[in-house]
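Have a look at the structure below before the remarks.
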Amino acid sequence: MSIPLMIGLISMLLILIVGYNIIIQYRQRLESAKHQELAKFIAIIDATEDLIGNAHHLPYSKELLVCLNQRILHALESMSEADPSDRNLPARIKNVAEQINQLQQNYSNSDVAAFKVPSTDKQAIGMLQLVKRLKTVIKSEHSKGRFATQAFVAENARLEGIQLRINIENVIKRANDARMKRQLGTAKQLLKKGIDVLASKNDNYANQTREKLQKMLGEIDSSQNQNHEQERQQIIEKEQDDLDVLFQPKRKW
């Protein structure tokens, strides 16, 4: 075999090896990108299902539940496009679509869970974190055109109202705890903070609660004034006793 022929065959073999490696690497990149994309959608689904699972902690409106379920549906449909070979996805997509239709047709205001006042600071923090996550989700869905502007504005305002209520109810609880411990200065600071927060609000809850906080603050001021008057009377009586002792007639021995 001539040397030029051998060189040509070796060159062709090297080209085939390099080409094969390029194809393998390209397929690996595609597979890696697909897995990353699927992992992103799975994370969205898990996080959204967790939000739905916390519906007993806060009042969830129909619009909010539909938005969350549509977010799951979109993620499942995107997974199906990325991985058509997954035979479980069509059934899951169908189930979520049916659930959305059920919510839209049958969910009413009477189904909304009542607001539960947080009993501890830890519970209040957990509820506030949940509201923050919900607000982030609806903002994201609105920016992607999957949540109508009017519905987004109304739901965002509703969640802000819940956030305010959690904070104010926690302030009331902490103020009452401080009063029980006779930490009246701390109680007054908390109540004044709550009143300041509600000053710019003009709805039924804000107006009623502001009056309640002002009444509580007035009760503390009245209690403190009574205590000061009692202390003043005690000082006067003590000074009078001292004067009586000083100027009482001297006894003759």
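The values are calculated or read from the model by the stated rules, or taken from the named source; none is laboratory data. Values in this document were obtained by computation on a predicted structure and should not be read as measured data. Here the Cβ is made from the backbone with ideal geometry for all residues, glycine too, and neighbour counts use every protein chain on show. SASA here: full protein model, heavy atoms, side chains in, ligands and nucleic acids out. Shrake-Rupley method; radii C 1.70, N 1.55, O 1.52, S 1.80 Å.
When every residue of the range 31-47 is checked against the conditions, at least one turns out to be more than 30 Å from residue 119 (Cα to Cα), open to solvent by less than 90 Å² (accessible area, probe 1.4 Å), touching an Asp or Glu at 6+ places or on another chain (Cβ under 7 Å) and not basic (Lys, Arg). Of note, residue 59 does not satisfy the criterion of being farther than 27 Å from residue 148 by Cα and assigned to a loop (DSSP other than H, G, I, E, B). The sole residue among 75, 124, 43 that is among the aliphatic types (A, V, I, L, M), assigned to a helix (DSSP H, G or I) and farther than 30 Å from residue 166 by Cα is 75.
Just checking, which of 116, 94 is part of a loop (DSSP other than H, G, I, E, B) and loosely packed, with under 15 Cβ neighbours inside 10 Å? Spell out how you get there, then give the answer.
On the way: 94 fails: part of a loop (DSSP other than H, G, I, E, B).
The match here is 116.
When we screen 250, 192 for residues that are at pLDDT 55 or above and either under 17 Å from residue 167 (Cβ atoms) or loosely packed, with under 10 Cβ neighbours inside 10 Å (or both), the only hit is 192.
When the range 76-126 is filtered for residues that are closer than 30 Å to residue 171 by Cα and touching an Asp or Glu at 6+ places or on another chain (Cβ under 7 Å), the ones remaining, listed by number, are 117, 118. Does residue 80 satisfy the criteria of being on the phi < 0 side of the Ramachandran plot, open to solvent by 20 Å² or more (accessible area, probe 1.4 Å) and in contact with a Pro (Cβ under 9 Å, 6 or more places away or on another chain)? Yes: the conditions hold for residue 80.
What residue, among those in the range 181-192 that are among the basic types (Lys, Arg) and part of a loop (DSSP other than H, G, I, E, B), is nearest to the chain's Cα centre (by Cα)?
Pass one, the range 181-192, residues among the basic types (Lys, Arg): 181-182, 188, 192.
Pick out the ones that are also part of a loop (DSSP other than H, G, I, E, B) and you get 181-182.
Details: 181: 30, 182: 32 Å.
The extreme case among them is 181.
Looking only at residues of the range 134-180 that are touching a residue at least 60 places away in the same chain (Cβ under 8 Å) and not in a helix (DSSP H, G or I), we find that the one that is least open to solvent (accessible area, probe 1.4 Å) is 147.
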